[in-house]
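This is the structure, below, for whatever I ask next.
The values are calculated or read from the model by the stated rules, or taken from the named source; none is laboratory data. Since the structure is predicted, the reported quantities are computational estimates derived from the model, not experimental observations. Every residue, glycine among them, receives a Cβ derived from its backbone with ideal geometry; neighbour counts consider all protein chains shown.
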Amino acid sequence: MGLWQNSACGDNRDAQHALERDVEDKTSAQFIDEKCFNLRNTSDCISFFHGMEKVDGTISVPETWAKFSNDNIRHSQNMRANSIRLREEAENLFEALSDQMWKQFTHTNLAFSARISEVTDAKNKLQAQLAKTLQEIFQAENTIMLLERSIMAKECPLKVAQTRLECRTRRPNVELCRDIPQFKLVNEVFTIDDTLQTLKLRLQETKDTLQLLVMTKCRLEHELAIKANTLCIDKEKCMSMRKTFPCTPRLVGYT
């Protein structure tokens, strides 16, 4: 019965979390849509996002979007009904289960120990992955800094070459000749510009990678917090309470 109740509590928490996540997602979506609706040609925050029209990152369609929330509501209703049924069964079956209490007590302790070991192992793996992610973030940030410095270092030579070209356009009459320096300057501009474009592309790719790494870091930290909370509940709270469990089987109200 204790396992049934724990399972029901877990299902209720899952249903609650699903509803809370759904509400939170819809609140965020409403905020974003209102923000998009209020954008104007004169808005300060508008910018170019080339290629976005080619990206389809949608996950649902209106039918599945509505079905998702309806399923969450129905699932929550089912879980509440199931909880009521389990409470009634618990009241009716409590005395019948008293002779199984100690056997179940031992089995539950073993299950707790196994689960705590599993969660601890998962937590350690998450911590190792988080450490690797943090190192990759550090490397990506250094790469971005180096690329930005390289771009800045290339911009001045490009300005010089372009300024020279512009200055030479003011040569008078027949002196405005497509001579060797002219060809060299043109080639120099193209070469530096190609290098700059390559560096900028690499910079954007690194920034995209950094963004993904930061998202991964947040996800890992969130999962670590969940694992830590699970360990706190199972190991510190639940197991500590079970250590003080009555040593003599006795029903509540029985003398």
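Is it the case, given these coordinates, that I151 is part of a helix (DSSP H, G or I), among the hydrophobic types (A, V, I, L, M, F, W, C), at pLDDT 80 or above and loosely packed, with under 12 Cβ neighbours inside 10 Å?
no
Give me the pairs: first residue in the stretch 64-79 and free of Cβ contacts under 8 Å to residues at least 60 places away in the same chain and closer than 15 Å to D14 by Cα, second residue assigned to a helix (DSSP H, G or I) and among the basic types (K, R), beta-carbon distance under 8 Å, and six or more apart or on different chains, which are they?
Sorted first by the residue in the stretch 64-79, then by its partner, the pairs are S69/K26.
Residues A140, A122, A153, A96: which one is free of Cβ contacts under 8 Å to residues at least 24 places away in the same chain and within 39 Å of the chain's Cα centre (by Cα)?
Answer to the check: A153.
For the condition modelled with pLDDT of 85 or more, assigned to a helix (DSSP H, G or I) and either in contact with a His (Cβ under 6 Å, 6 or more places away or on another chain) or under 30 Å from A122 (Cα atoms) (or both), what is the one hit in L224, L203?
Checking each option against the conditions leaves just L224.
Here is a follow-up. Considering only residues that are aliphatic (A, V, I, L, M) and in a helix (DSSP H, G or I), look in the stretch 26-63 and name the one that is farthest from C9 (Cα to Cα).
Among residues in the stretch 26-63 that are aliphatic (A, V, I, L, M) and in a helix (DSSP H, G or I), the one farthest from C9 (Cα to Cα) is M52.
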